[in-house]
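Everything on this sheet refers to the single structure shown next.
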Amino acid sequence: FPTRRSSDLGCLETVVGRPALLAASGQKDLDALCIALDTGDERALLAIDGAAKALGIAVGGALNLLDLTTVNLGGHLGVLGEWLNPLLAAELGRRVLWSTYSEIELASVSQAPLRAAIAAQGPDSRSANMALCVVISLLC
């Protein structure tokens, strides 16, 4: 991963953050990126592929460590779910140790930071999954 503004090495934001994805795809905004992906623009597809690989490393590690089965992507990642989720699912299938025994559920959620923060406070079993959503949202 490239260096981030704060000089942190390997920051996920440098690959999957909105500014990074727009720069890598050559698009001015998220709507333009979605149109470019719809039309099969090679640069946009490469940007999404790179994001899926980077997220696969980060989220795969979290799933291996925390034994979670659900990943909720929000914000701009949720908007890009139509193109991102299949690539990320394949990447997680290669990286998550238990993926051959149990399915990993990928979901694109709206209002992710708010919903995640509310659910993370609750005692139910979804709390850890939603807390991971907060982490992914904050990283991006």
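Residues that are assigned to a helix (DSSP H, G or I), open to solvent by 80 Å² or more (accessible area, probe 1.4 Å), modelled with pLDDT under 95 and within 27 Å of Arg94 (Cα to Cα) within region 1-43 comprise just one, Arg18. Of the residues making up region 60-90, those that are assigned to a strand (DSSP E or B) and either of a type in the set (A, V, I, L, M) or surrounded by fewer than 21 Cβ atoms within 10 Å (Cβ to Cβ) (or both) are Thr70, Val71, Leu73. Among all positions in region 44-59, there is no residue which is farther than 16 Å from Gly17 by Cα and surrounded by 13 or more Cβ atoms within 10 Å (Cβ to Cβ). All conditions but one from (1) over 16 Å from Ala20 (Cα atoms); (2) open to solvent by 10 Å² or more (accessible area, probe 1.4 Å); (3) of a type in the set (A, V, I, L, M); (4) in a helix (DSSP H, G or I) apply to Leu106; the one that does not is (4).
Within region 21-65, being small (Gly, Ala, Ser) and without any contact (Cβ under 8 Å) to a residue 24 or more places away in the chain holds for Ala23, Ser25, Gly26, Ala32, Ala36, Gly40, Ala44. Taken over region 63-104, the criterion of being among the small types (Gly, Ala, Ser) and within 30 Å of Ile35 (Cα to Cα) is satisfied by Gly74, Gly75, Gly78, Gly81, Ala89, Ala90, Gly93. Residues in region 91-103 that are under 17 Å from Ala54 (Cα atoms) and surrounded by 13 or more Cβ atoms within 10 Å (Cβ to Cβ): Glu91, Leu92, Gly93, Arg95, Val96.
The values are calculated or read from the model by the stated rules, or taken from the named source; none is laboratory data. The structure presented is a predicted model; accordingly, all values stated were derived computationally and were not measured. Cβ sites come from the backbone with ideal geometry, for glycine too, and all protein chains shown count toward neighbours. Surface areas here come from the heavy atoms of the whole protein model, side chains and all, with no ligands, DNA or RNA. Shrake-Rupley method; radii C 1.70, N 1.55, O 1.52, S 1.80 Å.
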